[in-house]
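Structure record follows, encoded as structure tokens.
The values are calculated or read from the model by the stated rules, or taken from the named source; none is laboratory data. These figures come from a predicted structure and were not determined experimentally. As a convention, Cβ positions derive from the backbone with ideal geometry for all residues, glycine included, and neighbour counts pool all protein chains shown. SASA here: full protein model, heavy atoms, side chains in, ligands and nucleic acids out. Shrake-Rupley method; radii C 1.70, N 1.55, O 1.52, S 1.80 Å.
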Amino acid sequence: MSEDAEKAGPDTVGSLIAEARQRFTAAGLADPATDARVLVSGLLRLSATAVVLGANQPVDAEQAILVRSAIDRRAVREPVHRILGERDFYGLTLKLSPETLEPRPDTEILVDAILPHLRRVAAKKGGALILDLGTGSGAIALALLKECETAQATGTDISAGALTIAANNAYLNGVGERFEVLESAWFEKIEERHFDIIVSNPPYIPTKVVQALEPEVRDFDPERALDGGQDGLFAYRAIADNAASYLAEGGVVGLEIGYDQKQPVTQIFEAKGFSLLDARQDYGGNDRVLLFHPRRT
């Protein structure tokens with residue numbers, strides 16, 4: 001502890017949050033106050049209420065060292081939730097790893113868009129099958145399973161490490177018995193069966209743009225979960241090429257897209273016999289989610 005810190009007295013929850021906010025402001029972070037509060041409260045396992053009411057609560061030396069180490073990491077742009085090792089998504093708590101994309105609030109819009117279709121099918125058939133392509137942490141599939149108790153899901157990914165995290169997240173959130181994982185590139189190793197819902201948040205950043213992303217994304221999200229090829233559309237072509245063969249009658253394909261990809265992704269799917277069923281924007285007003293179903297003949 002520095003001489004100044006000794007003069008200031010023992011560390012408290014409030015003093016550590018103030019210290020973090022000062023460091024993050026100096027580092028030029030976009031929202032230093034929120035980052036400071038979420039990071040410190042997360043590390044100390046304190047609720048928002050406890051942080052407010054317990055600002056003067058002492059923090060022991062070992063915990064203070066842990067917090068200051070985390071402050072150092074965030075100051076060089078490691079994301080808060082990467083440091084904490086978990087993130088909330090659609091009411092779930094999901095563990096993260098270097099092999100998984102960090103789920104973000106905009107992806108919850110895909111869950112919102114798909115849920116009515118999932119519930120409709122499940123009510124009609126007494127259950128429903130979901131395929132989550134590139135499942136990562138399992139965020140989309142697990143949120144859908146939590147909201148529909150008669151559904152079952154398969155999550156695929158090319159990363160064995162991601163699949164381990166997804167399977168663990170399924171059990172941590174009480175849906176492990178209804179979730180299976182499969183190491184596969186898109187439909188490559190999927191057995192011949194039909195799914196009522198096919199969802200994906202695939203890599204959609206053009207290769208040349210990846211290195212220009214914010215450090216929190218570029219340096220900490222897995223590159224293969226970001227890089228969508230030269231035009232950012234490689235994954236959508238791969239999904240559109242085979243989705244109809246794996247979709248049950250009345251089934252729906254739901255996709256997250258980049259802000260400028262609504263038209264080209266729609267064209268890709270229309271060329272493969274699909275019609276646009278729904279389109280949603282994210283919280284910033286950008287196109288973010290597309291739903292397709294096979295064109296009726």
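Going by accessible surface with a 1.4 Å probe and the largest first, Arg73, Arg224 read Arg224, Arg73. Normalised by residue count, segment 189-233 yields a Cα convex hull volume of 96 Å³ per residue.
If r is the Cβ-Cβ distance from Ala61 to Ala160 and R0 is 30 Å, what FRET efficiency results, to the nearest 0.05? Efficiency computed from Cβ-Cβ geometry: 0.15. Expressed as a whole percent, the proportion of Cα-Cα pairs in the chain lying more than 28 Å apart is 43%. Take the Kirkwood radius over Cα pairs of segment 1-149, plug it into Stokes-Einstein at 4 °C and 1.567 mPa s, and you get 74 µm²/s for translational diffusion.
The fraction of accessible area contributed by carbon and sulfur in segment 1-108 is 52 percent, rounded to a whole number (1.4 Å probe; ligands and nucleic acids excluded). Along each principal axis, taking the top coordinate minus the bottom one, the Cα set of segment 250-297 gives 36, 20, 11 Å in descending order. Solvent-accessible surface (1.4 Å probe) assigned to Leu182 amounts to roughly 60 Å². Dividing the Cα radius of gyration of segment 182-297 by its Kirkwood radius returns 0.98 for Rg/Rh. Only Cα pairs under 8 Å and 6+ residues apart enter the sum, and on that basis the relative contact order of the chain stands at 14 percent. Among Leu16, Leu53, Leu226, which one shows the highest mean-square fluctuation when the chain is modelled as a Gaussian network with alpha-carbon springs under 10 Å? Largest GNM mean-square fluctuation: Leu53. For Asp106, neighbours were defined as the other residues whose beta-carbon sits under 9 Å from its Cβ, and their charges (Lys and Arg +1, Asp and Glu -1) total -1. Here the convex hull built on the C-alpha positions of segment 35-115 has a volume of 110 cubic angstrom per residue. Got a number for carbon plus sulfur as a percent of segment 209-297's accessible area, 1.4 Å probe? Carbon and sulfur together cover 45 percent of it. Scanning residues 5 or more positions from Gly251 or on other chains, none has an amide H under 5 Å from its amide H, with H placed 1.01 Å from N in the peptide plane. Entry comment: accessible area of the chain is 49 Å² per residue, from protein heavy atoms only and a probe of 1.4 Å. Here the contact order of segment 82-236, divided by its residue count and restricted to Cα pairs under 8 Å and six or more residues apart, works out to 22 percent.
With one equal scatterer per alpha carbon and no solvent term, the Debye-computed log10 I(q)/I(0) for segment 85-209 at 0.18 1/Å reads -0.90. Looking at segment 230-297, none of the GluC sites (Glu not before Pro) sits in a DSSP loop with at most 10 other Cβ atoms within 10 Å of its own Cβ. Legend: helices of the chain (whole DSSP H runs) are marked when their alpha-carbon atoms reach 24 angstrom or more along the helix axis and their mean Kyte-Doolittle hydropathy is at least -1.0; marked are 108-125. The mean sequence distance of close C-alpha pairs (under 8 Å, at least 6 residues apart), as a share of the length of segment 235-289, puts its relative contact order at 38 percent.
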